[in-house]
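Notes follow the structure.
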Amino acid sequence: MIRLATIAIAACVLIRPAYADDKIEQARAVVEAADTDYKLGRFHEALEKYSKAYELYPAAPLLFNIGQCHRYLKDYEKAIFFFQGYLRDDPTASNHAVVEDLIREAKTELDKQQTSPDPVAETKRAEEAKRQSEQETQRRAEQDAKRRAEDDARRRADEDAKHGNGHTSRLLPISLVAGGAAAFVGGVAFYYYGQPRGPNEMFVYDDTRILGGTMMVLGGAAAITGSLLLARHPSSAPIAAVVPGGLFVGWAGEL
């Protein structure tokens, strides 16, 4: 890599007594401070000061100094821009050939940057991919845990219902017997008082024999079904079972 001690060029241009007005004096002071930053490797600070000096007094050598700062900061695209600007403003510069070499070198480095992945960007992409992968893994693990818990609860409920391990109740068959008996008695009453009788007979209802007969049949069937269920072996009976995950109403044991 070619290194040049060219910082003093701008200062020399600015110090000429013929142009010693206020802006030139200000620019010269800024350039001297920039020279110090440049020599100490503080290229960001030097770049800022050289740019300010150029605004005060647009001397062509300052463009070269700005280009050098960009080159050391590895901003080769801007370095090329300012080197070319320097040669346009001062086509007969004594270091013309050297600047041409610097432009070619900067173009080569720029091509490398554009074809090679940015390490910082690659690191950020890798970290983002890792973060997304961890989130996806966690999400799947949570879904699997939830699914296993639901399967376990369902399996325990099925086992409890099958073996009668829930909090069983004889409520269903007893309700069938009681309800069936009540319906049968009510059906008898409707049937009896629905028969044709004398005109002065109290509690005579027209057309209730069909309803009474139906109630007797259904009530009797319900009472008989409930009695049979109560008479069966305890290991085989309808139950209302409170099991993990909900309420089970059905059969327990063998049918």
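Here, each number is a calculation from the coordinates, and none is a lab measurement. Nothing here was measured: the structure is a model prediction, and the numbers come from that model. Reconstructed Cβ throughout: ideal geometry from the backbone, glycine too, with neighbour counts over all protein chains shown.
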Using per-residue counts of other Cβ atoms within 10 Å, averaged over each peptide, order 50-61, 122-133 from highest down.
50-61, 122-133
Distance between modelled label sites at R131 and K146, nm, 7 Å Cα→Cβ extension
2.4 nm
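Of the peptides 83-89, 107-113, 143-149, how do they stack up when ordered by the mean number of other Cβ atoms within 10 Å, highest first?
Numbers: 83-89: 18.0, 107-113: 13.3, 143-149: 10.1.
Descending packing order for the listed peptides: 83-89, 107-113, 143-149.
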Evaluate the range 23-107: find the radius of gyration of its Cα atoms, find its Kirkwood radius, and give the ratio Rg to Rh.
0.96
When the Karplus curve 6.51 cos²θ - 1.76 cosθ + 1.60 is applied with θ = phi - 60°, which whole-Hz ³J(HN,Hα) does each residue of the range 133-138 get, with x for Gly and Pro?
5, 5, 5, 5, 4, 5
